[in-house]
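Novice: Below is a structure I'd like to ask you about.
The values are calculated or read from the model by the stated rules, or taken from the named source; none is laboratory data. Keep in mind it's a predicted model, so treat the numbers as computed, not measured. Reconstructed Cβ throughout: ideal geometry from the backbone, glycine too, with neighbour counts over all protein chains shown. Note: areas computed on protein heavy atoms with side chains; ligands, DNA, RNA excluded. Shrake-Rupley method; radii C 1.70, N 1.55, O 1.52, S 1.80 Å.
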Amino acid sequence: MIWYPYQQMKTMKEPYKIIDAEGVYLKTEEREMIDSISSWWSVIHGYKHPALTEAIKYQADHFCHVMLGGLTHEPVQRLADKLKSFLPGDLDYSFFSDSGSVAVEVALKMALQYYVNQGEMERTKILSLTHAYHGDTFKTMEVGDDEDYHFILEAYGEKKDVIHVPTQIPALEQAFERYHRELNCFIVEPLLQGAGGMRMYDSSFLVRARELCDRYDVLLIFDEVATGFGRTGNRFVADLVQPDILVLGKALTGGYIGHAVTVANRKVYHGFYSDDADKALMHGPTFMGNALACSVALKSIELFEQENYMSKISRIEEITRREMTGFTDDRIREVRIMGGCVCVEVKDGAVLRGYQQFAYERGIFSRPFLNCMYAMVPYIIAEEELVRVLDTMKEWFT
């Protein structure tokens, strides 16, 4: 029996059974529906893209996977080289893993050991945002701040090594002034906090965070698992403000295979580069650098560049703002739009009960959560398809 995610199995609604998928459409036996959330924000090129499918088939004809312990292969070497040229600044050193949560775990482990390697044993604390979500493994839950997902940690009592701050510069400055001697890193979902409620904030906060991290020698981590590859309207938020460690996943492979990467800058990498074996990063996911995943990631990045996806994302934002301007309802707290994301936050989450089936009957797959109705569409979506998604969202209220 399948144990489904984020569900009370005893009372859950029967999931829609997908028998095929192509372009922006998921297909059940009854109907086809536009996937308005890109399979948890990852399938940026849509489904059954011939170039991505061919990349996987070609690699599978050679080999599907070999471990990176004592071995290497061309796809992982090419992907590491591509990321080095594709990412800003000196974010040059790629440590691969098999999921976004694990990649964040690696980033947090890097930050702690970076200082341990220098003998700074007192830097055990992490600064994180309120309403943060970084994954569901244990350390990522600890740096998260959403009781809807992470209430289980209450069994351990009060957090001792994580400080949460709102996205307000005075609060940030106060936290650094008080804790900087104990901090090893500040981790953020830059500009857009996803699972914590699609919360959006200004880049000036990140600029100040970079200044404070530099002043107090604290590592800055950007979790761009959700925001990377254009979702905020920027290629990467790291193009605006460069972190010391960048985490990518989801769209890294176009959503075709689970894979992620933790990318460190030169400063962090050289904190481990030593004749002392004890200073090595002792971490190694079995499927890190998976050959199929690396091959499809390379093709995904190629498509992103060659087909000018940033212009597609700009057009999605333009259409969304046009269609949602002036839309309001007494039950709505706020409508937020950023790049390839739109969120309708309601005052009471009960307002959204039944919306998923309502959307399904109109040929849209949606999955509202908490008090958020949102869309993060595949970037290949046509204007009329995007308008259908937005009209369905508005129709629920009218």
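Novice: Taking the conditions exactly as written (assigned to a loop (DSSP other than H, G, I, E, B), open to solvent by 50 Å² or more (accessible area, probe 1.4 Å) and either modelled with pLDDT under 95 or touching a helix residue (DSSP H, G or I) at 6+ places or on another chain (Cβ under 6 Å) (or both)), does Asp148 satisfy them or not? Quick ask: steps written out before the conclusion?
Specialist: On the way: assigned to a loop (DSSP other than H, G, I, E, B): no; open to solvent by 50 Å² or more (accessible area, probe 1.4 Å): yes; either modelled with pLDDT under 95 or touching a helix residue (DSSP H, G or I) at 6+ places or on another chain (Cβ under 6 Å) (or both): yes.
Judged against the criteria, Asp148 is not a match.
Yes/no matrix, rows are residues, columns are (1) in contact with a strand residue (DSSP E or B) (Cβ under 7 Å, 6 or more places away or on another chain); (2) without any contact (Cβ under 8 Å) to a residue 40 or more places away in the chain:
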residue: Tyr58; (1), (2): no, no
residue: Val66; (1), (2): no, no
residue: Glu74; (1), (2): no, yes
residue: Ser97; (1), (2): yes, no
residue: Asn117; (1), (2): no, no
residue: His134; (1), (2): yes, no
residue: Asp145; (1), (2): yes, no
residue: Ile163; (1), (2): yes, yes
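Novice: Out of the range 207-219, which residues are part of a loop (DSSP other than H, G, I, E, B) and in contact with a strand residue (DSSP E or B) (Cβ under 8 Å, 6 or more places away or on another chain)?
Specialist: Result: Val218, single match.
Novice: Output the residues belonging to the range 35-77 that are within 19 Å of Asp98 (Cβ to Cβ), open to solvent by 30 Å² or more (accessible area, probe 1.4 Å) and not in a loop (DSSP other than H, G, I, E, B).
Specialist: Across the range 35-77, the qualifying residues are Ser39, Trp40, Ile56, Ala60, Gln77.
Novice: Which ones in the range 101-124 are among the small types (Gly, Ala, Ser), open to solvent by 20 Å² or more (accessible area, probe 1.4 Å) and closer than 30 Å to Glu305 by Cα?
Specialist: If the condition is that a residue be among the small types (Gly, Ala, Ser), open to solvent by 20 Å² or more (accessible area, probe 1.4 Å) and closer than 30 Å to Glu305 by Cα, then Ser101 is the only one that fits.
Novice: Have a look at Gly339, Gly289, Gly354 and point out the one that is on the phi > 0 side of the Ramachandran plot and touching a Leu at 6+ places or on another chain (Cβ under 6 Å).
Specialist: Going through Gly339, Gly289, Gly354 in turn, the sole match is Gly289.
Novice: Hey, Arg181 hits all of (1) open to solvent by 20 Å² or more (accessible area, probe 1.4 Å); (2) modelled with pLDDT of 95 or more; (3) outside any loop (DSSP other than H, G, I, E, B) but one; which does it fall short on?
Specialist: (3)
Novice: Looking at Phe186, Phe176, which is the one that is of a type in the set (Phe, Trp, Tyr), touching a residue at least 60 places away in the same chain (Cβ under 8 Å) and under 17 Å from Ala111 (Cα atoms)?
Specialist: Going through Phe186, Phe176 in turn, just one is of a type in the set (Phe, Trp, Tyr), touching a residue at least 60 places away in the same chain (Cβ under 8 Å) and under 17 Å from Ala111 (Cα atoms): Phe186.
Novice: Just to be sure I understand, how many residues within the range 338-383 are within 25 Å of Leu52 (Cα to Cα) and of a type in the set (S, T, N, Q)? Outline the logic, then answer.
Specialist: Filtering the range 338-383 for residues within 25 Å of Leu52 (Cα to Cα) gives 339-341, 364-366, 375-383.
Subset that is of a type in the set (S, T, N, Q): 366.
Residues flagged as within 25 Å of Leu52 (Cα to Cα) and of a type in the set (S, T, N, Q) within the range 338-383 amount to 1.
Novice: What do you reckon, is Met141 modelled with pLDDT under 95 and in contact with a Leu (Cβ under 7 Å, 6 or more places away or on another chain)?
Specialist: Yes; evaluated as a whole, the condition is true for this residue.
Novice: Hey, another quick one. Output the residue which, of all residues in the range 83-100 that are part of a helix (DSSP H, G or I) and of a type outside the set (A, V, I, L, M, F, W, C), is surrounded by the fewest Cβ atoms within 10 Å (Cβ to Cβ).
Specialist: Looking at residues that are part of a helix (DSSP H, G or I) and of a type outside the set (A, V, I, L, M, F, W, C), I get Ser85.
Novice: How many residues, within the range 14-25, are free of Cβ contacts under 8 Å to residues at least 40 places away in the same chain and assigned to a loop (DSSP other than H, G, I, E, B)?
Specialist: The total comes to 5.
Novice: Give the residue that is nearest to Lys139 (Cα to Cα), with candidates limited to residues of the range 220-272 that are outside any loop (DSSP other than H, G, I, E, B) and open to solvent by 20 Å² or more (accessible area, probe 1.4 Å). If you could, list the steps in order and put the result at the bottom.
Specialist: In the first step, residues of the range 220-272 are kept if they are outside any loop (DSSP other than H, G, I, E, B); the result is 220-223, 237-239, 245-248, 250-253, 260-264, 266-270.
In the following step, the residues that additionally are open to solvent by 20 Å² or more (accessible area, probe 1.4 Å) were identified as 239, 250, 266-267, 269-270.
On the way: Asp239: 27, Lys250: 19, Arg266: 25, Lys267: 24, Tyr269: 22, His270: 24 Å.
Once the filter is applied, the top-ranked residue is Lys250.
Novice: Return a yes/no flag: does the range 201-221 have any residue that is in contact (Cβ under 8 Å) with a residue 60 or more places away in the chain, within 20 Å of Phe95 (Cα to Cα) and touching a Leu at 6+ places or on another chain (Cβ under 7 Å).
Specialist: Scanning the range 201-221 turns up no residue that is in contact (Cβ under 8 Å) with a residue 60 or more places away in the chain, within 20 Å of Phe95 (Cα to Cα) and touching a Leu at 6+ places or on another chain (Cβ under 7 Å).
Novice: Find the residue count for the range 340-374, including only residues that are within 17 Å of His131 (Cβ to Cβ) and hydroxyl-bearing (Ser, Thr, Tyr).
Specialist: Of the residues in that region, 1 qualify.
Novice: Only one of these is assigned to a helix (DSSP H, G or I), open to solvent by 60 Å² or more (accessible area, probe 1.4 Å) and on the phi < 0 side of the Ramachandran plot: Ser300, Ser295, Ser314. Name it.
Specialist: Exactly one residue qualifies, and that residue is Ser314.
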